Amino acid sequence: SAKYVADFKVWRGNQEGGGLEDYRVAVNEGEVVLDIIHRLQATQVPDLAVRWNCKAGKCGSCSAEINGRPRLLCMTRMSTFTPSETITVTPLRAFPVVRDLVTDVSFNYAKAREVPAFVPPEGVEPGAYRMQQMDVERSQEFRKCIECFLCQDTCHVVRDHEENKESFAGPRFLMRIAELDMHPLDAAHEAGLDRKRTAQEEHGLGLCNITKCCTEVCPENIRITDNALIPLKERAADRKYDPLVWLGNRIRRR
Ligand code: SF4
Ligand code: F3S
Ligand code: FES
């Protein structure tokens, strides 16, 4: 559509509090919401705080909520809204506000540090690692993550439950544990680290009830729930009571 003037509501404030402010901003053909926020900065609100970097959906910095939905500001086209619609832009709800649209996402860095790194297999030189193509592809899907933390923001386990933050790593980091646990060369188990058990006991895997909201908001279209969380749950399920695993173990032992 051609040029028009849009109605925006943008949250402004800081740790102490804040609220929605009304703005009318020009929109040109082909623009994304981040363009409009930048125009607001340039023409009306020079001190409006927003975090961004690549404007190409690759750095994961411009995460916010548009009409209550976690999204990348730079990847949300204005053409997805009608010209008469009021567009509301708010900071990520699950993390503390720094100022305006900028939140403090350090929760995620803390959770990242809690996941033990890949354990190299003993006696194999790094250049001599060999993997099946299907194992490589599985990891590659998870490695598309740009760490926008939209999945972490949307998951209901922490979104409205600050008290769960301590015991829940969130979809992005449960996915990382799944990646390592399914990695054919990871030697964590030999080193005495049971990733399946710690996923349950330390990273809150059991709190995920597979609502799939994380998968729905992922800008990289990673199938977080189906390809990481459900398989990890299956692998972590108590083997004694799982007839298929029990049978499998019996056959393998012969
Ligand atoms: Fe963002 Fe997807 Fe990575 Fe979650 S898994 S942080 S939604 S890219
Ligand atoms: Fe949360 Fe995703 Fe599980 S939204 S409940 S981590 S499927
Ligand atoms: Fe980099 Fe939006 S600015 S993902």
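The values are calculated or read from the model by the stated rules, or taken from the named source; none is laboratory data. Here the structure is a predicted model, which means the values were calculated and not measured. Because the Cβ atoms are built from the backbone with ideal geometry, glycine has one as well, and the counts that use them run over all protein chains shown.
For region 59-76, the condition of being in a loop (DSSP other than H, G, I, E, B), within 14 Å of ligand 3 (Cβ to nearest atom) and at positive phi holds for at least one residue. Among the residues of region 59-87, the one identified as among the acidic types (D, E) and either under 16 Å from the mean Cα position of the chain (by Cα) or within 16 Å of ligand 2 (Cβ to nearest atom) (or both) is E65. Screening region 116-166 for helices (runs of 4 or more DSSP H) wholly inside it with 2 or more residues that are farther than 22 Å from R197 by Cα and among the hydrophobic types (A, V, I, L, M, F, W, C) returns the ranges 133-142, 150-154. Determine if region 11-23 includes at least one residue that is away from ligand 3 (no atom under 16 Å from the Cβ) and outside any strand (DSSP E or B). Yes, there is a match, as at least one residue in region 11-23 is away from ligand 3 (no atom under 16 Å from the Cβ) and outside any strand (DSSP E or B). Of all residues in region 182-206, those that are over 21 Å from T225 (Cβ atoms) have Cβ atoms under 8 Å from Cβ atoms of residues that are β-branched (V, I, T) and loosely packed, with under 13 Cβ neighbours inside 10 Å, 6 or more apart or on another chain, in L185/V124. The number of residues in region 50-79 being free of Cβ contacts under 8 Å to residues at least 60 places away in the same chain, surrounded by fewer than 17 Cβ atoms within 10 Å (Cβ to Cβ) and either away from ligand 1 (no atom under 16 Å from the Cβ) or within 20 Å of S106 (Cβ to Cβ) (or both) comes to 4. Between D47, D7, the distinction of being more than 26 Å from C155 (Cβ to Cβ), touching a Lys or Arg at 6+ places or on another chain (Cβ under 8 Å) and surrounded by fewer than 16 Cβ atoms within 10 Å (Cβ to Cβ) belongs to D7 only.
For region 144-152, indicate whether the set of residues that are surrounded by fewer than 21 Cβ atoms within 10 Å (Cβ to Cβ), at pLDDT 95 or above and within 15 Å of ligand 2 (Cβ to nearest atom) is non-empty. Checked region 144-152: at least one residue is surrounded by fewer than 21 Cβ atoms within 10 Å (Cβ to Cβ), at pLDDT 95 or above and within 15 Å of ligand 2 (Cβ to nearest atom).
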